[in-house]
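Okay, so here's the structure we're looking at.
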C-alpha cells in the first residue's frame with residue numbers, strides 16, 4: 001500500500017502576520033493622512049472664502065460711500081462749509097456711546113484757515129497701529145446728503161437764536177422733488193428713518209452760504225409713525241409742526257450759538273437737509289480673556305459706530321488731486337493737505353491696502369498649524385460728484 005495523504009492545517013507564520021499587519025497599518029495611515037490633509041485644505045479654502053466675502057462686503061459699502069461724496073453740495077460755496085471754533089473745534093468720529101474712535105478734528109487748510117467740512121476728508125495715519133503692524137492705519141471721512149428724508153420740502157423757520165428749527169408740513173402735493181416712490185415727504189420724526197439725536201443737518205441759503213448743526217432733540221415723539229398732515233392756509237401754520245433742537249454742548253461740538261460760521265450766523269436760509277458724515281476707522285476690542293481683535297468700524301454722524309468686519313490688519317488710502325485744468329497735483333496719503341492742497345480737489349480715492357488676517361486655526365499638524373492667512377484688497381474709485389460737478 002502506498003502512503004496515505006493528509007491535509008495540512010498550517011496557517012500564517014508569525015512573520016507573515018507581522019508583515020501583513022504592517023502593510024495594513026501603512027495603508028490605513030496613508031488613508032488617514034490623506035483624509036486629514038483633505039479636511040485641512042478644505043478648511044483653509046473655506047476660511048479664505050469667508051474672509052474674501054466679509055472683506056468684499058465691507059469694501060463694497062466703503063466704495064459706495066466714496067462714490068457719493070459731495071452729493072447734495074451743489075450750490076454751496078466751494079462745496080465746503082467753514083465751522084465755528086469759538087467754543088473749541090468741532091469733532092467727528094466720536095459719540096457719547098461706545099465704541100468710539102478717538103475724536104478727530106476737521107481739516108484746516110491754508111493760511112488763516114478754520115476747521116472746514118469737505119466732501120472727502122483724508123485722515124492720513126490718524127488711526128491706530130494694529131497689533132503686529134509697523135505704521136498707523138488711515139481714517140477716511142465722506143460727506144453727502146440724505147436723499148430719502150426730504151426735509152427741503154418743509155417750510156422751516158429759526159427760533160431762539162437758531163438753536164431751534166420749526167418745520168411745517170407743506171400743502172399736498174408738495175412743490176418739490178421727492179424720492180422715487182414717495183408721494184409726500186416723510187415725517188421728520190419718523191421712528192425708522194427720521195431725525196434722531198446725533199444726526200447732522202445742513203442749512204443753506206440762495207447765495208451759497210451754508211452751516212451745519214447736530215440734532216439734540218426732535219419733537220413731538222412719533223411711536224405710531226403718523227404721517228404728516230399738510231397745512232391748508234397760506235402761511236402754512238395749521239398742519240403738522242415739528243421742532244428740531246440744536247443745543248450747545250452737543251457731543252460733536254457743532255452747535256455754537258452766536259459764533260461765526262454757526263447756523264445762527266446764516267442769513268435768509270432757504271433749504272434744510274440731513275447730511276451723512278461717515279467715518280471709517282480701525283479700533284481694537286478686547287474680550288474677557290484679554291485677547292485683542294481689530295475691527296473696521298463705520299460711524300455715521302454722532303451715532304454709535306457699527307462694526308463692519310473683524311481681524312483687519314491694515315487700512316491705507318492715497319488720493320489723486322487735480323487742478324481745475326485736469327492736471328495731477330499729487331497722489332499722496334493726505335491728498336496734499338500738508339502742502340496746502342484743498343481736499344476739494346480730490347478726484348479719485350485709492351485703497352492702497354485693506355488687509356484682513358485670519359485667526360490661528362489651532363495646534364494640530366498639517367495646514368492647521370501654518371499660522372495666519374491674509375487677504376488684501378486694492379482698488380480705486382472716482383468720487384463722481386466731485387469729478388463732474390466741480391470740473392465741468
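The values are calculated or read from the model by the stated rules, or taken from the named source; none is laboratory data. Quantities reported herein were computed from a predicted structural model and do not represent experimental measurements. Quick reminder, even Gly has a Cβ in these numbers, built from the backbone with ideal geometry, and neighbours come from all protein chains shown.
Taking interchain pairs and intrachain pairs at least six residues apart, which have beta carbon atoms under 6 angstrom, with the first residue in segment 231-247 and without any contact (Cβ under 8 Å) to a residue 12 or more places away in the chain and the second buried (at least 19 other Cβ atoms within 10 Å of the Cβ) and assigned to a loop (DSSP other than H, G, I, E, B)? Short answer, once both residue conditions are applied: 238/231.
Would you mind stating whether residue 143 is surrounded by fewer than 18 Cβ atoms within 10 Å (Cβ to Cβ), farther than 17 Å from residue 282 by Cα and in contact with a strand residue (DSSP E or B) (Cβ under 6 Å, 6 or more places away or on another chain)? So residue 143 fails the test. When segment 362-381 is filtered for residues that are more than 24 Å from residue 129 (Cα to Cα) and either loosely packed, with under 15 Cβ neighbours inside 10 Å or at pLDDT below 55 (or both), the ones remaining, listed by number, are 362, 363, 364, 365, 366, 367, 368, 369, 370. None of 239, 194 is at pLDDT 95 or above, surrounded by 17 or more Cβ atoms within 10 Å (Cβ to Cβ), farther than 30 Å from residue 294 by Cβ and in contact with a strand residue (DSSP E or B) (Cβ under 8 Å, 6 or more places away or on another chain) except 194. Criterion applied to 197, 173, 185 was being under 27 Å from the mean Cα position of the chain (by Cα) and farther than 19 Å from residue 245 by Cα, and the one residue passing it is 185.
Among the numbered conditions (1) free of Cβ contacts under 8 Å to residues at least 24 places away in the same chain; (2) under 19 Å from residue 120 (Cα atoms); (3) surrounded by 15 or more Cβ atoms within 10 Å (Cβ to Cβ), the only one that residue 275 does not meet is (1).
Quick check on residue 157: is it farther than 24 Å from residue 320 by Cβ and either loosely packed, with under 15 Cβ neighbours inside 10 Å or modelled with pLDDT of 90 or more (or both)?
yes
Output the residue which, of all residues in segment 264-304 that are over 21 Å from residue 145 (Cβ atoms) and assigned to a loop (DSSP other than H, G, I, E, B), is modelled with the highest pLDDT. Among residues in segment 264-304 that are over 21 Å from residue 145 (Cβ atoms) and assigned to a loop (DSSP other than H, G, I, E, B), the one modelled with the highest pLDDT is 304.
For segment 129-142, the criterion of being over 23 Å from the mean Cα position of the chain (by Cα) and either part of a loop (DSSP other than H, G, I, E, B) or on the phi > 0 side of the Ramachandran plot (or both) is met by at least one residue.
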